[in-house]
Amino acid sequence: MNVTILYGGQSAEHEVSILSAFNVANAALEGGYTVQPIFITKEGQWLKGDLLNEPLNQVEDLEGLTLERMANPGELAEVDTVVFPVLHGPNGEDGTIQGFLEVLNLPYVGSGVTASACGMDKIISKQLFEKAGLPQVPYVAFNRRQWQEDQESWIQKCEGNLLYPLFVKPANMGSSVGISCAENQEELIEAVLEALIYDSRIVVEQGITADECEVAVLGNDDLSVSVVGRLVKDAQFYDYDQKYINNTVTMEIPVQLPEAVTDKIQKYALQAFQAIDGSGLSRVDFFVTSNHDIYINEINTMPGFTKFSMYPELWRHTGLSFRDLVEELIQLALRQHRARQ
Ligand code: ATP
Ligand code: MG
Ligand code: MG
Ligand code: MG
């Protein structure tokens, strides 16, 4: 069986995707699959690499493949394959690629169109979480037009409903790209302008002093949940550099918390996954205060698979190796595809 790995992509998480793809490709190759790498450039060109039969030694091997421009990405449909879209962020994790694969009638790993779009959009997912009764930090959401028409009243809404520091985020993004922490009104305005570079929809959240805990969900209808992990960091804000450049963050897996607390986090993670109608996989992120109050932060329907990534590490500590995890994701994709037929 063949696995097509889509990686790179046009989002700000292009580099992260390449690192993730390297690990996923190797796991699939070790699992006995042949791997068809397809690299999507930052400009959106689809480039097809040599078919892989043996594990790669280093990320550079993936970058060093002979790549051939695909005149028509739709030709993917002619191959008997399961697609693993290891793409993060807009145009990858947000339902667009999923819609394309759906039209091609190909099995693919992860959530479908609606779940991907809802999970990626921090405003929509907050509304779904609210409906599911999940606790969240207070927030205010608006779009570019609303901000431009009446900036003053949106500042007032933020300052009237939320306490500084505020976290300002583009609704559709990941890896902390476009997110800033604002301590005052001047910084709030700056932060909104920064976030607007990445998306026209913005969410402003009340900042919280808390530990960040993450949990992994796996499955379609029958869901499994991993042990809970905690990010061990010295700065308050887990930004892009900390995630992938300096990697100043380590993980505590499983987190040392009372069982009643981790049980609740796991329960909330499953509810969040169901709230967006997810399938395949998701990593659900939480804030946990020193009093053990729990707030859901967000859901990631295609979490990172880099060597620093929490999702595969959570499963490894739950007893599922990286290779078996990738195998399970492929099987879930095939089952989901059959269920849709
Ligand atoms: P990814 O998809 O890579 O996990 P993301 O770009 O979707 O990240 P978030 O997880 O929402 O972004 O936020 C990034 C980081 O910013 C968090 O991990 C946390 O360190 C900090 N952060 C976000 N929101 C808050 C908040 N309300 N209070 C305190 N810190 C926050
Ligand atoms: Mg995210
Ligand atoms: Mg993400
Ligand atoms: Mg996050």
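Quick note: the coordinates plus some simple rules give every number you see, no bench work behind them. Predicted model only: the values in this text are computed from it and were never measured. We place every Cβ from the backbone using ideal geometry, glycine too, and count neighbours over all the protein chains shown.
Per-structure values
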| item | result |
| --- | --- |
| Over the range 164-295, relative contact order from alpha-carbon pairs under 8 Å, at least 6 apart, % | 25 percent |
| Nearest 10 degrees, 0 to 90: helix 14-30 Cα axis against the chain principal axis | 40 degrees |
| Helix 185-196 vs. the chain, principal-axis angle (Cα, 0 to 90°, nearest 10) | 20 degrees |
| Distant-in-sequence amide H partners of Thr4 (H built 1.01 Å from N, under 5 Å) | Gln36, Val82, Val83, Phe84 |
| Hull-based mean projected area of the range 1-132, where the convex hull spans the alpha carbons, in square nanometres | 8.4 nm² |
| Most fluctuating residue given options Val217, Val255, Val83, as computed from a GNM of the chain linking Cα atoms under 10 Å | Val255 |
| Relative exposure of Met251, Met302, Met310, judged by other C-beta atoms within 10 Å (fewest first) | Met251, Met310, Met302 |
| Sparsely packed trypsin sites (Lys or Arg not before Pro) within the range 1-85, loop by DSSP, other Cβ within 10 Å at most 12 | Lys42 |
| For the range 114-225, convex hull volume per residue from C-alpha positions, Å³ | 119 Å³ |
| Rg/Rh (Cα only; Kirkwood hydrodynamic radius) as it applies to the chain | 0.97 |
| Expected-Rg normalisation [2.2 N^0.38 Å, Cα atoms] applied to the range 261-341 | 1.21 |
| Cleavage-rule hits, GluC sites (Glu not before Pro), the range 130-219, DSSP coil, Cβ neighbours within 10 Å at most 14 | Glu183 |
| Per residue Cα convex hull volume in Å³ - calculated over the range 104-145 | 112 Å³ |
| P(r) tail fraction, the range 180-290 - alpha-carbon pairs more than 23 Å apart, % | 44 percent |
| Rounded tilt (10° steps) of 151-161 against the dominant C-alpha axis of the chain | 80 degrees |
| Lysine pairs in the chain with Cα atoms under 18 Å, if 8 or more residues apart or on separate chains | 12 |
| Qualifying chymotrypsin sites (Phe, Trp or Tyr not before Pro) for the range 273-326 [loop in DSSP, other Cβ within 10 Å: at most 16] | Phe308 |
| Whole-Hz ³J(HN,Hα) from phi, Karplus 6.51 cos²θ - 1.76 cosθ + 1.60, for the range 311-323, glycine and proline x | 4, x, 5, 4, 6, 4, 6, 9, x, 10, 5, 4, 5 |
| Viscosity 0.890 mPa s, 25 °C: Kirkwood-radius Stokes-Einstein D of the range 56-124 over Cα pairs, µm²/s | 180 µm²/s |
| Distance between modelled label sites at Thr250 and Asp293, nm, 7 Å Cα→Cβ extension | 3.0 nm |
